[in-house]
Protein chains: 2
Amino acid sequence: MDSNEPPHYRISRIARELEAKGLDIIHMEIGDPELNTDKRIIDAMYRAALEGYTHYGYSQGLPELRDEIADYLNSRLNTDLDRDNICLTPGGKVAIYLTLRLLNKKRIGVLEPIWGLYHSFSKVLDLEVVSIRSEFENRWIPTDDELKKFGEVDIISLVNPSNPTGTILPKDTLDKIVDIATKNEGYIVADELYFDLTYGETRFTSFLEYDYDNAISIFSFSKNYAMTGFRVGFIVSTNKDWITKFARYMRLVIGGVPPFIQFAALEALNNKEIIDTNRRFYREQTMYLMNELKKLGFNMVKPEAGIYLFPRVPEGIDGIEFVEKLLTIGRVAVSPGTGFGDYPEFVRFTTALKKDKLEEAVKRIKYTLENIV
Amino acid sequence: MDSNEPPHYRISRIARELEAKGLDIIHMEIGDPELNTDKRIIDAMYRAALEGYTHYGYSQGLPELRDEIADYLNSRLNTDLDRDNICLTPGGKVAIYLTLRLLNKKRIGVLEPIWGLYHSFSKVLDLEVVSIRSEFENRWIPTDDELKKFGEVDIISLVNPSNPTGTILPKDTLDKIVDIATKNEGYIVADELYFDLTYGETRFTSFLEYDYDNAISIFSFSKNYAMTGFRVGFIVSTNKDWITKFARYMRLVIGGVPPFIQFAALEALNNKEIIDTNRRFYREQTMYLMNELKKLGFNMVKPEAGIYLFPRVPEGIDGIEFVEKLLTIGRVAVSPGTGFGDYPEFVRFTTALKKDKLEEAVKRIKYTLENIV
């Protein structure tokens, strides 16, 4: 199992060991916004629990919650979804895991750099991974030659808007991917959870807008509503049969999301301005950190969504060494680029920290750079 | 997937379809006690969420919660466990699923009758199932000849106290099972979640008391504290390396139990008298229904634990037909014995319903029996 431990889990673990020794660590390795969950959401959970929503049930998701989700997606995307296109899950992670498990295929193509979980899941599920690379030099948009490789796989997998780069794939690229998938009868598993945290110029396009029958999109309440610890996400497909199948599998294996948490999610959707507030915070923090890192010699494509930066380390610096030293000298935990594919010169920073913590992090990064011989 | 749908899920689904048509169904097919969760538990969850325990973290489980669980088990069992022997999980189900997945073996022996999930999980995980039968005539205690078959498998699996029969295996039987496992280097996966809901004369023995390195026990807060919807359980092994491995896997795939739910569980453990209250309720309801069913010609071994009865249907009645008619004529949903192995003459009733509902159920059962030609 240890070989399946994603690199940022390893960093996180070492960071906690250092903390146990009394050291003060700034955590920028995990995508957990430093924001409180809105009290209305917590209150709604409490009310539901008191009202007796503490029993089994709603394994596919509360009907009214799925209705609200469908309405929201339809209002934001060019889709015509209803409750039967949706299944709630205890977080986005397990949604991806169970999807890959249920598809039960041999080869998966992943658009890199990509959130490390896809590599780890492929390992534990015995999926052969085909890397479809994108490059910093191309602003993280894959070339046609790279995209072609998606024709060799059973499952096309990507995170859009991207974790770690914050890039939004242009519609043109999605058109090509859907074309390839259609010819190949491939599945598309798209992690689209940052779709409502966009702040750039590129319009986000969802695979759900294609009405492609083998496309599955994954979403979550974690970042947009700052509800990481609630473990609540959902999968969506235009293929209702697939959703029914998935819902049964999920019910069998897990049982579902606690009903009172589903009421919390419903309350979140009834207060969508929370997303606007959080998005503003994420954009400001991301832009602040981007500018500070640039001053220190980091190079990056300006992100258009999400809560991460994925810069190339300053010239003359070894990326892997930097991550280690940043932890041991600077006491800042970040994710090495190798956790997202073969990107040893890159580093992922989570930007969703409060201003004073980001300022302190910048100081420590500077200090670390000065102390790497 | 449909072929993996456990029979009681099917009944449950049809029951909900009938309810959608306006019919009033009594649910005795699912193990969901008709009890409210103690308000102190809900309040503790609310407090923790307000205090900011809404983030990622504690994927193996809050240290103080694991300490409390270890203390509780040590106080009830002949064990010497600590926090590192324990990993929290979002419910007992997924604990079993992930355990079987992580063990990654070929053959599983299940002591039947057994909760249907073991058969379903074996199917979706491509495990070959070897049935080790126990019989009503032997008071559901397996014979030595049957037990021997455990020597042919990689994983020995059972639910003790039993779901569905409520039988507690005598220590003598456990001795034999551990002997067989030891010779064979087999794993023991024991669902022991009803251990603190015993009300018979047989003392419960846990596999954890053997200090057998390949034994994994599964527990849950669902029934003892009436917290089914909270989805919180835990696995325990004397093998700490196994627990570490499992915790990493669980973190990778799911992330963990929401921290505020872990505080709810901690509050539950600080109010253990709740179990006594609930146990009394379960025993009373079980004994009441047992006596009423006997009057109607059902035959059963008096259960010693849990919230179920597993009687043989009255002579001259076909078990499968009875389950169908009881739903369509009597509007009572129960689980067919075929959901627990090859036991077509038996039926599982959940007994943890309030008195008036049980009385009404008895009337409907009587009416159904009278109307089966």
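Helix A:7-20 sits at what angle to the longest principal axis of chain A, using alpha carbons and giving 0 to 90 degrees rounded to 10?
Approximately 70 degrees, to the nearest 10.
I'd like the distance separating the alpha-carbon centroids of the stretch A:70-138 and the stretch B:30-70, in whole Å.
Computed from Cα coordinates, the inter-centre distance equals 30 Å.
Which of the aspartates and glutamates could a cross-linker bridge to residue A:366, judged by Cα under 13 Å and excluding same-chain residues fewer than eight apart?
Cross-link targets: A:292.
Against the longest alpha carbon principal axis of chain A, how many degrees, from 0 to 90 and to the nearest 10, is the axis of helix A:240-253 turned?
Tilt of helix A:240-253: around 70 degrees.
Tell me which A residue has its C-beta closest to the axis rotating A onto B, and the distance in Å?
Rotation axis A onto B, closest Cβ, rounded to whole Å: A:46, 2.
What average count of beta carbons from other chains do you get within 10 Å of the Cβ of residues in A:133-146?
Details: counts 0, 0, 0, 0, 0, 0, 0, 0, 0, 0, 0, 0, 0, 0.
The per-residue average across the peptide is 0.
Put a label point 7 Å from Cα along the Cβ direction on residue B:366, then list its distances to the equivalent points in the other copies in nm, shortest first.
Between copies, matching label points for residue B:366 lie 8.5 nm apart.
Would you calculate a helix-derived [θ] at 222 nm for chain A, using -39,500 (n - 2.57) for each DSSP H run of n ≥ 4 and dividing by the full residue count, to the nearest 500? Walk me through the numbers on the way to the answer.
Numbers: 12 runs with 154 residues, N = 373.
Computed mean residue ellipticity for chain A: -13000 deg cm²/dmol.
Say a label goes 7 Å from Cα toward Cβ at residue B:354 in every copy; what distances in nm does this one have to the rest, shortest first?
Once sorted, the set of distances for residue B:354 reads 4.6 nm.
Expressed as a whole percentage, what fraction of the accessible surface of chain A belongs to carbon and sulfur atoms when a 1.4 Å probe is rolled over the protein heavy atoms? The partial results should precede the final answer.
Details: 6000 of 13550 Å².
Here carbon and sulfur together make up 44 percent of the probe-accessible area.
Here is the link list: A:176/A:223; A:21/A:325; B:106/B:149. Which ones come out longer than 19 Å on Cα distance? Provide the component values of the computation, followed by the final result.
Values: A:176/A:223 29 Å; A:21/A:325 17 Å; B:106/B:149 15 Å.
Over 19 Å apart, Cα to Cα: A:176/A:223.
With an 8 Å cut-off on Cα pairs and a minimum separation of 6 or more residues, tell me the relative contact order of chain B in percent. Mind showing how you got there, number by number?
Numbers: 736 pairs, mean separation 90.9, N = 373.
Once divided by the residue count of chain B, the mean separation gives 24 percent.
In the neighborhood of residue A:285, defined by Cβ-to-Cβ distances under 10 Å, what is the net charge if each Lys or Arg adds +1 and each Asp or Glu adds -1?
Details: positive: A:280, A:283, A:354, A:355, A:357; negative: A:34, A:284.
Neighbourhood net charge equals +3.
Could I have the simple spin-label model distance between residue B:135 and residue A:296, label points 7 Å from Cα toward Cβ, reported in nm to one decimal?
7.5 nm
Compute the label-point distances linking residue B:273 to its equivalents in the other copies; points lie 7 Å from Cα along Cα→Cβ; give nm, one decimal, shortest first.
4.7
For helix A:39-50, report the angle its Cα long axis makes with the longest principal axis of the Cα atoms of chain A; keep it between 0 and 90° and round to the nearest 10°.
40 degrees
List the residues, sorted by chain then number, that are 5 or more residues from residue B:299 or on another chain and whose placed amide H is less than 5 Å from its amide H.
For residue B:299, whose amide H was placed from the backbone, the distant partners under 5 Å are B:312.
I'd like the distance between the alpha-carbon centres of the stretch A:141-212 and the stretch B:245-308, rounded to an integer number of Å.
Spelled out, the Cα-based centre of one part sits 45 Å from the other.
Ranked by accessible surface with a 1.4 Å probe, highest first, in what order do B:237, A:59 come?
On the way: B:237 0, A:59 25 Å².
Output order, biggest surface exposure first: A:59, B:237.
What accessible area per residue, rounded to a whole number of Å², is obtained for chain A using a probe radius of 1.4 Å? Walk me through the numbers on the way to the answer.
Working: 13550 Å² over 373 residues.
Result: 36 Å² per residue.
Which order do A:242, A:115 take when ranked by solvent-accessible area (1.4 Å probe, heavy atoms of all protein chains), largest first?
Values: A:242 20, A:115 45 Å².
From most exposed to least exposed: A:115, A:242.
What accessible area, summed over both chains, is buried at the B-A interface (1.4 Å probe, Å², nearest 100)?
Working: alone 15960 and 15950 Å², together 27110 Å².
Answer for the B-A pair: about 4800 Å² buried.
If you average the sequence gap of Cα pairs under 8 Å that are 6 or more apart and divide by the length of the stretch A:1-133, what percent do you get for the contact order?
Numbers: 84 pairs, mean separation 26.9, N = 133.
Worked out over the stretch A:1-133, it gives 20 percent.
The values are calculated or read from the model by the stated rules, or taken from the named source; none is laboratory data. Every value quoted in this text rests on a predicted model; they were computed, and no experiment measured them. No Cβ is skipped: glycine too gets one built from the backbone with ideal geometry, and neighbour counts run over all protein chains shown. The area values use the complete protein model at the heavy-atom level, side chains included, leaving out ligands, DNA and RNA. Shrake-Rupley method; radii C 1.70, N 1.55, O 1.52, S 1.80 Å.
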